[in-house]
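Some notes on the structure that comes next.
The values are calculated or read from the model by the stated rules, or taken from the named source; none is laboratory data. Being a predicted model, the structure only gives us computed values, none of them experimental. Here the Cβ is made from the backbone with ideal geometry for all residues, glycine too, and neighbour counts use every protein chain on show. Side chains included, ligands, DNA and RNA excluded: accessible areas come from the protein's heavy atoms. Shrake-Rupley method; radii C 1.70, N 1.55, O 1.52, S 1.80 Å.
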Amino acid sequence: MDSRSRAALPPFGTTIRDLLLDGAGTDPDHVLLIAGDRRITLAQLADHTRAVAADLAERGIRPGDAVATMLGNGPNHVAVFLGVALAGALWVPLSPEAKGPSLAHALAVARPKLAFATGEACQRLREAGLNEACILIETDGWALPDRSAPPPDIPAHKAKPDEARAILFTSGTSGPPKGVTVTERMLVASAAGTAIASDCHAGDVYLMWEPLHHIGGSQIVVMALARLVQLVVVERFSASALWPQVRANGVTKLHYLGGILEILLKAAPRPDDRHHPLRLAFGGGCRPEVWRAFEERFAVPLREVYGMTEASSFTTINMNGTVGSVGTPVPWFSVSLAGNDGRPVPEGGIGEIVVSSDHPELFTPGYLGAPEATAKLLRDGCLFTGDLGRFDAAGNLQYVGRLTDSLRRRGENVSAWEVETALGSHPDIAECAVVGIPAEIGEHEIMCFLSMRDGAAFDPAALAAWCTRQMPRHHVPRFWKQVAGFERTPSQRIRKDLLDRGRGDAIDTGDGRPL
């Protein structure tokens, strides 16, 4: 059996209840969570989880009922997640920062019967139209009180692997969030993918900064239960605190998303940049130039992955280190590329990434309350990701961008991701985001928002000239705006829907057409 097969264990028929209670029975003293100065064992976590499940049952929550959380990261939120699973209920984790229309939409779709939330979040839930019949419990994600009483009996519900366990709302950069139905089997498969991607071994310590309302947070908890590793739980990602947290806790593995690596590279170099216990960082969204710079500066190998919540989180993993690639499929999936007509693209061509499997139960059953979106996602037994990719000559998948994040200029399709990747190699640019805006004549013009590195001047004319030398003419942005920073989703992706696309304060460097 190769290492990938070993990492895929336990079998996907295992449930969260099995992992928690079996682990607490066989290795009760294993420290699973490190939270500040607290070291929480499997036995302690299991006791708190039983208490949550028993409390839910006493309050009338039955299997399949929706239970929402608006809590920050912390041991208590972990116990609530696992307690909801033990009770057979449907976990609906929402961002503790959620408010307004997006929160109202999530509540209308999920219709929770009970919600755990911080004091401030309780108020926002009420303002967003929380059903008056919903039981609202004020708590936080962190505090896990000491328990001296024996653990209570837990509900007799025995979960099935394909039972819906969570509704995870996507943190998209545009449009209302979609509630992805996630089963027990999908959570266990996502944990197996995490183990493969992170080269998980006994004794590993992971920094758990990912919010629990994101698949990255829930899957690492399930992986820790399955593999008996340790999680150092922090309330949020902090660039200034990360390396001290890594060194103080002996962290060996780190998950990254979005612009996190760029943020870490922005910090001034230090003599101890290479002095740490971190052995591997894994995640998605790393541009080639950032990849090389991060490995060189911090001596941490990177492993890019690709996937989405709708397909158990992991679809491909870069196991061979090819810079710029998101790798090859995990053992339980296959990947192909489809053109606009649905047919396979020619060799070397760009197409929509389509996932297929002999185990379609590893795909989401659908988006809650959104049958049209579900029908667009799942077709003919395959999952259509809405992402663009291409294969290199060795069969490695390269991510090209979102179908919805592409534009058409001068009759040519342009991927915003490709333009952003090229701009990311400019030595004076810290971060950038590219969007299409309506052209006066034709289809789109390209507008670029960027933040400059410390001490670098914002010179759009020089940037446009550099782009002309580095990329195809139809990729060169016409309009430029400098920003101090970007609003981000919980997974650290830039919120393009919040960018001001008005031309009034943009600098126009011309459309690049020959005179």
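Using the Karplus relation 6.51 cos²θ - 1.76 cosθ + 1.60 with θ = phi - 60°, the per-residue 3J(HN,Hα) values for segment 268-283 come to 4, x, 10, x, 9, 4, 9, 9, 6, x, 5, 10, 6, 10, 9, x Hz, with x marking Gly and Pro. Using a probe of 1.4 angstrom and keeping all protein chains present, the accessible surface of segment 381-515 works out to 48 square angstrom per residue. Here the gap between T26 and D508, fully extended at 0.36 nm per residue and compared with their Cα-Cα distance, gives a gain of 166.9 nm.
For the chain, the dipole from Cβ point charges (+1 on Lys and Arg, -1 on Asp and Glu) about the Cα centre works out to 200 debye, to the nearest 20. Across the accessible surface of the chain, with the other protein chains kept in place and a 1.4 Å probe, carbon and sulfur atoms take up 50 percent. On the principal axes of its alpha carbon atoms, segment 364-438 extends 45, 38, 28 Å, with the longest extent given first. Using 0.36 nm per residue and subtracting the Cα-Cα separation, the extra length available between R274 and E487 on full extension is 73.7 nm. Look at (1) 29.5, 116; (2) 23.2, 82; (3) 29.9, 104: the one that is Rg and Dmax of the Cα atoms in Å derived from this structure is (2).
Modelled spin labels at E443 and S425, positioned 7 Å past Cα toward Cβ, are 2.4 nm from each other.
For segment 310-355, the set of GluC sites (Glu not before Pro) satisfying both a DSSP loop assignment and a count of at most 16 other C-beta atoms within 10 Å is given as E347. Restricting segment 63-145 to GluC sites (Glu not before Pro) that sit in a DSSP loop and have at most 15 other Cβ atoms within 10 Å of their own Cβ leaves E97, E132. The helix-only estimate of mean residue ellipticity at 222 nm for the chain, built from DSSP H runs of length n ≥ 4 each weighted as -39500 (n - 2.57), is -8500 deg cm²/dmol after division by the residue total. Solvent-accessible surface of segment 282-357, taken per residue with a 1.4 Å probe and all protein chains present: 38 Å².
Rounded to the nearest 5, the antiparallel percentage of DSSP beta bridges internal to the chain is 60%.
The loop-placed trypsin sites (Lys or Arg not before Pro) in segment 405-500, going by DSSP, that have at most 13 neighbouring Cβ atoms within 10 Å of their Cβ come out as R453. What segment 79-214 shows is 39 Å² of accessible area per residue, with the surface traced by a 1.4 Å probe over protein heavy atoms.
Ignoring aspartates and glutamates fewer than eight residues from K160 along the same chain, the ones with Cα atoms less than 17 angstrom from its Cα are D18, D22, D65, E184, E361. The largest-to-smallest principal axis extents of the Cα set in segment 119-277 are 57, 37, 35 Å.
Applying 1/(1 + (r/R0)^6) with r as the Cβ-Cβ distance of D459 and S356 and R0 = 45 angstrom yields a FRET efficiency of 0.40. Highest average first, the peptides 143-154, 66-77 ordered by how many other beta carbon atoms sit within 10 Å of their residues are 66-77, 143-154.
Within segment 1-129, antiparallel bridges make up roughly 35 percent of the DSSP beta bridges whose residues both belong there. If the segment from R38 to E120 were pulled out straight at 0.36 nm per residue, it would be longer than the present Cα-Cα gap by 27.0 nm.
DSSP finds beta bridges in segment 232-388, and of those with both partners inside it, around 70 percent are antiparallel. A straight Cα-to-Cα reach below 21 Å connects K99 with the lysines K113, K178, K496, residues fewer than 8 places away in its own chain not being considered.
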